[in-house]
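Every number here is computed from the coordinates shown, using simple stated rules; none is lab data. All of these numbers come straight from a predicted model, not from anything done at the bench. Don't worry about glycine lacking a Cβ; one is built from the backbone with ideal geometry, like all the others, and counts go over all protein chains shown.
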Amino acid sequence: MKVRVHVSLKPGVLDPQGRAIHHSLEGLGFSGVNDVRAGRLFELDVEDGVSDEALDDMCKKLLANMVIENYRIEKVAA
Amino acid sequence: MAFRSAVITFPGSNCDRDMAVALEKVSGEACTRVWHGDSDLPEELDFIALPGGFSYGDYLRCGAIASRSPIMQAVIAAADKGVPVLGVCNGFQVLTESGLLPGALLRNSVIRFVCRDVTLKVENATSLFTSGYSAGQEISIPVAHHDGNYFADDATLDRLEGEGQVAFRYAEDINGSARAIAGVLNAKGNVLGMMPHPERAIEDTHGGSDGRALFESAIKGLIGA
């Protein structure tokens with residue numbers, strides 16, 4: 001089973017990298033971009049027997065830092 | 001009475017020797033070096049230090065992988081029992097990632113790596129680590145970090161300030177840290193995390209010795225003398 005975990009900074013947490021990317025887009029002449037937030041994408045290949053609870057636990061214990069980040073688990077059809 | 005200290009080395013730590021030298025010079029006692037893959041600490045330790053560096057190449061998040069290494073389970077257990085733990089720079093990041101200290105360290109708001117001497121204001125001069133300073137005293141300590149922007153939610157920040165858990169503040173904004181926080185104590189006061197490097201300022205040949213009092217405070221508080 002393929003699983004994608006999307007990790008993003010919580011709303012309100014300053015994202016200096018997103019801000020720098022935004023600035024760079026403007027520098028390249030792209031207009032109309034209101035904001036950029038940078039995040040992370042993990043692609044996991046897991047056994048079919050791995051439970052949703054276990055996936056959730058992986059996110060909370062390691063993939064995301066719950067103080068500053070949110071995560072979203074997406075199961076990808078084979 | 002002997003002072004038994006240990007410095008933990010992770011793959012990518014690069015201030016571990018400096019930390020051990022500082023502890024040895026100030027205490028006059030040998031410091032034990034402990035490898036991240038060990039699962040046990042030496043017995044009856046008085047002091048544990050987590051050094052600066054780039055543990056595990058800062059993969060995932062700074063300090064994230066190190067905080068899940070075998071030795072950290074022993075460090076967390078020791079801290080829970082009251083053994084003093086000092087985390088500097090990457091060590092501070094490991095402490096927040098492991099949950100021993102609240103909050104998190106984000107990328108500097110200025111994006112740049114900041115490497116210079118900074119002025120700190122001592123906020124709490126009554127803790128084990130800071131009793132050698134006076135409240136409000138300004139000291140000069142070097143910083144060298146890319147991810148030192150302290151973050152915690154407002155309720156946590158209010159609690160830290162109200163309970164005297166803010167040990168040091170930056171005299172000027174260098175990295176965007178919430179309320180200019182440079183160093184944080186846990187509720188019991190036996191764990192201190194700070195981005196500036198006191199171990200790089202313990203004698204005049206370092207260009208300054210304002211960090212020495214931190215080690216002197218801790219050693220004096222722990223073994224007398």
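Key figures
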item: Two-site label geometry, B:R179 and B:D80: point separation in nm, points 7 Å out along Cα→Cβ; result: 2.7 nm
item: Radius, Kirkwood style, for chain A when every pair of distinct Cα atoms is counted (Å); result: 14.3 Å
item: 10 Å Cβ shell holding at most 14 others, DSSP loop, GluC sites (Glu not before Pro): longest site-free stretch of chain B; result: B:45-162
item: Ellipticity estimate at 222 nm from DSSP helix runs (n ≥ 4, -39,500 (n - 2.57)) divided over the protein assembly as shown, nearest 500; result: -7000 deg cm²/dmol
item: Nearest 10 degrees, 0 to 90: helix A:16-27 Cα axis against chain A principal axis; result: 50 degrees
item: Estimated Rh, chain B: Kirkwood, alpha-carbon pairs, angstrom; result: 17.0 Å
item: Whole-Å distance, taken between Cα centres, linking region B:134-199 and region A:9-78; result: 27 Å
item: Unit charges at the beta carbon, dipole of region A:2-76: most positive-side option, A:V36, A:V3, A:G49; result: A:V36
item: Förster radius 41 Å - calculated FRET efficiency between B:K25 and A:R72, Cβ distance, rounded to 0.05; result: 0.25
item: Chain B, relative contact order in percent, only Cα pairs under 8 angstrom and at least six apart counted; result: 20 percent
item: Range in chain B, longest, excluding exposed trypsin sites (Lys or Arg not before Pro) [loop by DSSP; at most 16 other beta-carbon atoms within 10 Å]; result: B:113-187
item: Check: chain B dipole with +1 on Lys, Arg Cβ and -1 on Asp, Glu Cβ, in debye; result: 220 debye
item: Virtual spin-label span in nm between B:R159 and B:D204, 7 Å along Cα→Cβ; result: 4.6 nm
item: Förster-model FRET efficiency, 35 Å R0, A:V36 and A:K60, C-beta, rounded to 0.05; result: 0.85
item: Partner chain coverage, peptide A:57-69 - average Cβ within 10 angstrom; result: 4
item: Nearest-20 debye value, region B:57-155 charge dipole, Cβ charges on Lys, Arg, Asp, Glu; result: 220 debye
item: Centre separation in Å (Cα based) which lies between region B:72-114 and region B:1-36; result: 17 Å
item: Scattering profile of the protein assembly as shown at q = 0.07, 0.08, 0.10, 0.13 Å⁻¹ [log10 I(q)/I(0), Debye over alpha-carbon scatterers]; result: -0.29, -0.37, -0.57, -0.92
item: Relative contact order (%) - criterion: Cα under 8 Å, at least six apart; region: region A:2-76; result: 56 percent
item: DSSP bridge pairs, chain B: antiparallel proportion in percent, nearest 5; result: 60 percent
item: Point-to-point label distance, B:S134-A:Q17, nm (Cα→Cβ direction, 7 Å offset); result: 4.5 nm
item: Debye, to nearest 20: dipole size of the protein assembly as shown, +1 on Lys, Arg Cβ, -1 on Asp, Glu Cβ; result: 360 debye
